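First the structure, in the form of structure tokens, and then the observations on it.
The values are calculated or read from the model by the stated rules, or taken from the named source; none is laboratory data. Predicted, not measured: the structure shown is a model, and the values here were computed from it. When we count neighbours, we look across all protein chains shown, and the Cβ atoms used for this are built from the backbone with ideal geometry, even at glycine. Quick note on the areas: whole protein, heavy atoms, side chains included, nothing else; ligands and nucleic acids left out. Shrake-Rupley method; radii C 1.70, N 1.55, O 1.52, S 1.80 Å.
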Amino acid sequence: MSKVLIYAENFDGKFKKANFEIVSYGAEIARQTGAEAIVLSIGNVPDEELKQLSVYGASRVLSFNDGRFDALENQAYASVIAQAVEKEGAEIVVFSNSNTSKALAPRVSVKLKAGMVFAATGLPKSIDPFMVPKKVFHGKAFADVVIKSPIKIICLSQNSFGITEDAKAVSIETFVAEIDDTVFKTRVTNVEKATGKILLNDAEIIVSGGRGMKGAENWKPLEDLADILGAATACSRPVSDEGWRPHSEHVGQTGKIVAPNLYFALGISGAIQHLAGVSSSKVIVAVNTDHEAPVFQEADYGIIGDVQKVLPQMVEAFRKFKSEN
Amino acid sequence: MKILVCVSNVPDTTTKIKLSGDMHSVDLANVQWIINPWDELALTRALELKEASEGKIEKVTVMLVGAKSAEPTMRKALAIGADDAVRVDAEPLDAYFVAGQIAGAIKDENYDLVFCGIESSDYNGSAMGSMLSEFMNIPSVSSVSKVEMDDDQIVVNREIAGGFEVVVPELPFVAIVQKGITKEPRIPSMRGIMMARKKPLKVVEASGLEALTEFVKYEPPQPKAACKMIDADNVAELVDLLHNEAKII
Ligand SMILES: Cc1cc2nc3c(=O)[nH]c(=O)nc-3n(C[C@H](O)[C@H](O)[C@H](O)COP(=O)(O)OP(=O)(O)OC[C@H]3O[C@@H](n4cnc5c(N)ncnc54)[C@H](O)[C@@H]3O)c2cc1C
Ligand SMILES: Nc1ncnc2c1ncn2[C@@H]1O[C@H](COP(=O)(O)O)[C@@H](O)[C@H]1O
């Protein structure tokens with residue numbers, strides 16, 4: 001039987017929604033092609049957590065754990081994944097589109113001479129030829145890409161398939177791979193990390209502020225709103241240039257490219273360079289005093305008003321909603 | 001020490017994307033071409049490192065896989081300050097093809113540090129840098145937001161959720177960079193533009209490697225529905241719409 005192998009990255013020993021989505025997606029491809037869906041996990045993940053993946057249609061979970069894998073060593077990780085694909089004889093390999101996937105999937109592609117599609121937006125449109133839809137020009141167009149190699153790699157855009165439950169009995173198996181010490185060539189000398197924070201690229205909800213926020217001192221309600229929604233915070237370029245917010249928060253053409261479910265643009269005009277980084281968001285909410293601001297052309301919901309007044313009301317309204325739901 | 005910066009030639013971000021009538025290609029007539037924004041940052045950072053290195057970094061080379069029509073973009077990179085440029089003469093078919101071509105073209109050059117951008121803003125492949133490191137069988141660090149030189153070592157920050165890791169890779173390695181590695185991309189000066197004309201731009205032939213993927217058809221995005229306006233005094237309605245209509249919270 002042919003196989004679909006899904007690489008599930010863990011976050012401090014836990015899986016997230018993005019993992020459940022790619023397992024659901026891989027399981028659906030397996031169903032359509034009469035294949036088996038297997039998940040590979042690398043690192044120290046408790047069995048209870050591994051078992052969770054069965055809910056989304058995986059029938060086997062391979063778990064590889066090795067003390068040398070505490071830090072992300074791209075060469076070593078990619079080698080484990082490639083070995084798993086080869087041992088299992090998998091023909092389709094599924095990744096998320098996280099930063100880690102960007103570091104690993106292309107290496108696996110070269111190791112296995114397997115064509116890869118990044119930022120896929122849905123199921124394969126046909127199996128022979130193997131054709132996958134993907135985003136191009138940051139969502140200004142879509143393309144159908146044919147993968148010509150025997151093994152195919154798909155990195156799925158977040159929030160483009162959804163989570164489907166199809167509980168299966170799952171077996172958790174220890175995976176053994178041969179990894180040479182010589183591929184460990186990067187050393188992590190220090191880690192600075194605030195816990196509970198979300199990587200902007202991986203965030204499902206983002207609350208973002210622009211020059212209309214008027215100054216660093218006005219960010220408290222924006223942060224409150226982000227806290228209530230479990231969201232990450234972001235900003236436009238002038239805001240980080242002014243030093244109101246850290247550079248790591250800047251989104252757009254020259255900043256980060258994000259694709260959350262929900263993006264709040266607060267006091268952001270919606271310049272094309274800004275939208276280049278956010279236009280793949282599923283839903284955009286804009287608050288702006290100027291009804292002609294270009295952001296309203298891209299937004300799904302808009303409020304014409306002063307952020308200083310609207311934002312505190314939003315904080316209250318969402319807090320109320322969260323306490324009731 | 002020698003640094004290589006891989007640059008891709010992409011349509012300016014403000015370009016309206018038009019598809020050909022048969023939808024089999026993107027209509028690129030009248031497009032303004034630029035250096036991919038992250039590659040421009042990488043080039044800027046490479047030059048800053050070279051200038052601060054007191055001669056330790058001898059050279060910054062830019063590399064592009066593309067047709068002759070991409071040369072103005074390479075001249076721009078030279079005008080910004082790169083010492084020389086290499087073009088592999090082939091259409092960049094996919095990241096696998098591009099990475100294989102670059103690996104082949106530089107295999108005897110011993111670059112210590114190779115910069116790639118996190119993605120090309122046209123086809124959003126996000127793959128070339130990592131593929132190149134695998135072809136070269138050398139380490140890579142991705143999501144790099146800071147690059148410093150410390151004696152003979154290169155020290156980078158890799159971004160992770162809630163912060164960063166400081167990583168010291170063995171040389172040579174590939175750094176896949178994003179925003180943060182430098183503030184502003186450098187703009188070519190008048191003098192830089194004059195000098196760029198005389199700088200070496202070498203053209204090498206492509207090898208017989210084949211691409212593994214093919215773009216066969218394009219589609220425009222679904223037209224966006226008009227923005228639903230909500231009264232500023234009725235924020236509760238926004239919450240309601242996001243919950244019941246968009247089903248997003
Ligand atoms: C090569 C290049 C690359 C670029 N890359 C990026 C990028 O990556 N990211 C990016 O963001 N920008 C980028 N820019 C800049 C971009 O063109 C815009 O200048 C920038 O996005 C504007 O930021 P803003 O919307 O915060 O500010 P502004 O354009 O000044 O807009 C502020 C908005 O706030 C509104 N406003 C004012 N007061 C209030 C209030 N009290 N309540 C509510 N609304 C209010 C105004 O009506 C206005 O619409 C780039 C530009 C270039 C040329
Ligand atoms: N044709 C090319 N020539 C040289 N470098 C390239 C080319 N295409 C992509 N790159 C590099 O690879 C990075 C990622 O590109 P991509 O994988 O196409 O998204 C870019 O930021 C460039 O540094």
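Quick notes on this one:
- Residues being more than 9 Å from every other protein chain (Cβ to nearest Cβ) and in a strand (DSSP E or B) - total across segment B:158-192: 3
- Every condition in (1) within 16 Å of ligand 2 (Cβ to nearest atom); (2) among the hydroxyl-bearing types (Ser, Thr, Tyr); (3) open to solvent by 40 Å² or more (accessible area, probe 1.4 Å) is met by A:THR254 except one, and the failing one is (3).
- Test: residue in segment B:215-227 that is more than 9 Å from chain A (Cβ to nearest Cβ) and within 25 Å of the chain's Cα centre (by Cα): no
- Some residue of segment B:33-48 being more than 15 Å from ligand 2 (Cβ to nearest atom) and surrounded by fewer than 22 Cβ atoms within 10 Å (Cβ to Cβ): yes
- Any chance A:ASN74 is within 16 Å of ligand 2 (Cβ to nearest atom), buried (at least 21 other Cβ atoms within 10 Å of the Cβ) and closer than 22 Å to A:ALA203 by Cα: no
Matching residues to (1) open to solvent by 40 Å² or more (accessible area, probe 1.4 Å); (2) within 27 Å of A:GLY255 (Cα to Cα); (3) touching a residue at least 40 places away in the same chain (Cβ under 8 Å):
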site	(1), (2), (3)
B:ILE181	no, yes, yes
B:GLU219	yes, yes, yes
B:VAL235	no, no, no
B:LYS247	yes, no, no
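- Note on segment A:264-296: residues that are more than 8 Å from ligand 1 (Cβ to nearest atom), modelled with pLDDT under 95 and closer than 21 Å to B:LYS16 by Cβ amount to 5.
- Matching residues, segment A:259-293, being open to solvent by less than 30 Å² (accessible area, probe 1.4 Å), aliphatic (A, V, I, L, M) and more than 16 Å from ligand 2 (Cβ to nearest atom): A:LEU262, A:ALA265, A:LEU266, A:ILE268, A:LEU275, A:VAL278, A:VAL283, A:ILE284, A:VAL285, A:ALA286, A:VAL287, A:ALA293
- Filtering segment A:297-313 to residues that are small (Gly, Ala, Ser) and open to solvent by 60 Å² or more (accessible area, probe 1.4 Å) leaves nothing.
- Candidates A:SER54, A:SER63, A:SER98: the one that is of a type in the set (Gly, Ala, Ser), touching a residue at least 60 places away in the same chain (Cβ under 8 Å), in the same structural domain as A:LYS16 (by TED's automatic domain parsing) and within 16 Å of ligand 2 (Cβ to nearest atom) is A:SER98.
- When A:ALA114 is tested against (1) within 9 Å of chain B (Cβ to nearest Cβ); (2) in contact with a Cys (Cβ under 9 Å, 6 or more places away or on another chain), exactly one condition is not met: (2).
- Look at (1) at the interface with chain B (Cβ under 10 Å from one of its Cβ atoms); (2) touching a Ser or Thr at 6+ places or on another chain (Cβ under 9 Å); (3) touching a residue at least 40 places away in the same chain (Cβ under 8 Å) and you find that A:GLY255 fails only one, number (3).
- From A:GLU292, A:GLU217, A:GLU316, residue being part of a loop (DSSP other than H, G, I, E, B) and without any contact (Cβ under 8 Å) to a residue 12 or more places away in the chain: A:GLU292
- Criterion (away from ligand 1 (no atom under 16 Å from the Cβ), β-branched (Val, Ile, Thr) and either open to solvent by 20 Å² or more (accessible area, probe 1.4 Å) or more than 20 Å from A:VAL183 (Cα to Cα) (or both)) met by exactly one of B:VAL155, B:VAL114: B:VAL155
- Considering residues of segment A:216-245 that are near ligand 1 (Cβ under 10 Å from one of its atoms) and among the aliphatic types (A, V, I, L, M) only, the residue farthest from A:ILE198 (Cα to Cα): A:VAL239
- Among (1) among the hydrophobic types (A, V, I, L, M, F, W, C); (2) surrounded by 15 or more Cβ atoms within 10 Å (Cβ to Cβ); (3) touching a residue at least 60 places away in the same chain (Cβ under 8 Å), the one test that B:MET195 misses: (2)
- Check on B:ASP122, more than 7 Å from chain A (Cβ to nearest Cβ) and either farther than 19 Å from A:LEU72 by Cβ or buried (at least 23 other Cβ atoms within 10 Å of the Cβ) (or both): no
- Each residue in segment B:1-32 was checked for being within 16 Å of ligand 2 (Cβ to nearest atom), aliphatic (A, V, I, L, M) and free of Cβ contacts under 8 Å to residues at least 40 places away in the same chain, and 2 of them qualify.
- Residues being over 28 Å from the mean Cα position of the chain (by Cα), facing another protein chain (nearest Cβ under 7 Å) and more than 9 Å from ligand 1 (Cβ to nearest atom) - total across segment A:304-316: 1
- In segment A:259-284, the residues that are within 15 Å of A:GLY209 (Cβ to Cβ) form Cβ pairs under 8 Å with partners that are open to solvent by less than 20 Å² (accessible area, probe 1.4 Å) and of a type in the set (D, E, K, R), at six or more places apart or across chains, as follows: A:GLY277/A:LYS256.
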